[in-house]
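Note sheet for the following structure.
The values are calculated or read from the model by the stated rules, or taken from the named source; none is laboratory data. Being a predicted model, the structure only gives us computed values, none of them experimental. Positions of Cβ are backbone-derived with ideal geometry, glycine not excepted, and every protein chain shown enters the neighbour counts. Surface accessibility is based on the protein's heavy atoms, side chains included, excluding ligands, DNA and RNA. Shrake-Rupley method; radii C 1.70, N 1.55, O 1.52, S 1.80 Å.
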Amino acid sequence: MMFLVVVRRSGPEWERSKPLEEQSGWEEHAAFMDGLVDDGVIVLGGPLADEERVAHAIEAESEEAVRALLARDPWNESHLVVDTIDPWTIRLRAT
């Protein structure tokens, strides 16, 4: 297993005039993401300051595994589009 940093950006169905919780399909997306957290796949994550991108630290076997996992997200390619996936070498960690 390795850590990867995933950045996703707003997709074509994202409505900028609406808050996160009022976007179409929010409940299904939230349940999917909560499941990834519960399973220990997403270590941390959230929106970036521009509110058009989100970043997640994910523990997975490979970039391909992350892409396959995110393809199951109800918001994949509609509300969120993968921008980058980069391996992350952890050198500092609180104990």
Round to a whole number: what % of the accessible area of the chain belongs to carbon and sulfur, probe 1.4 Å?
50 percent
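Taking only protein heavy atoms into account and a 1.4 Å probe, give the accessible area per residue of the chain in Å². All intermediate terms of the calculation are to be shown ahead of the outcome.
Values: 6180 Å² over 95 residues.
Here the per-residue accessible area is 65 Å².
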Which one, Leu4, His79, Phe32, projects farthest toward the positive side of the charge dipole computed for the chain from Cβ point charges (K/R +1, D/E -1)?
Leu4
Helix 26-38 vs. the chain, principal-axis angle (Cα, 0 to 90°, nearest 10)
10 degrees
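Residue separation times 0.36 nm, minus the C-alpha to C-alpha distance between Glu64 and Leu20: what's the value?
Working: separation 44, 0.36 × 44 = 15.84 nm, distance 2.73 nm.
In short, 13.1 nm is gained.
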Non-local residues with an amide H under 5 Å from the amide H of Met2, with H modelled 1.01 Å from N and Pro and chain starts lacking one, are Ala60, Glu61
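Just how large is the dipole of region 1-90 about the Cα centre, in debye to the nearest 20, putting +1 at every Lys and Arg Cβ and -1 at every Asp and Glu Cβ? Kindly include the intermediate steps, with their values, before the conclusion.
On the way: 7 positive and 20 negative charges, 42 e Å.
So the dipole magnitude of region 1-90 works out to roughly 200 debye.
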Calculate the spin-label point distance for Ile90 paired with Phe3, positioning each point 7 Å from the Cα along the beta-carbon direction, and give it in nanometres.
0.5 nm
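Using only C-alpha positions, report the orientation-averaged shadow area of the convex hull of the chain, nm², one decimal.
Working: hull surface 26.0 nm².
For the Cα atoms of the chain, the hull's average projected area reads 6.5 nm².
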Exactly which GluC sites (Glu not before Pro) in region 1-75 are in a DSSP loop and have at most 14 other Cβ atoms within 10 Å?
Glu13, Glu15, Glu51, Glu52, Glu61
Mean separation of Cα contacts under 8 Å, 6 or more apart, over the residue count of the chain: relative contact order %:
51 percent
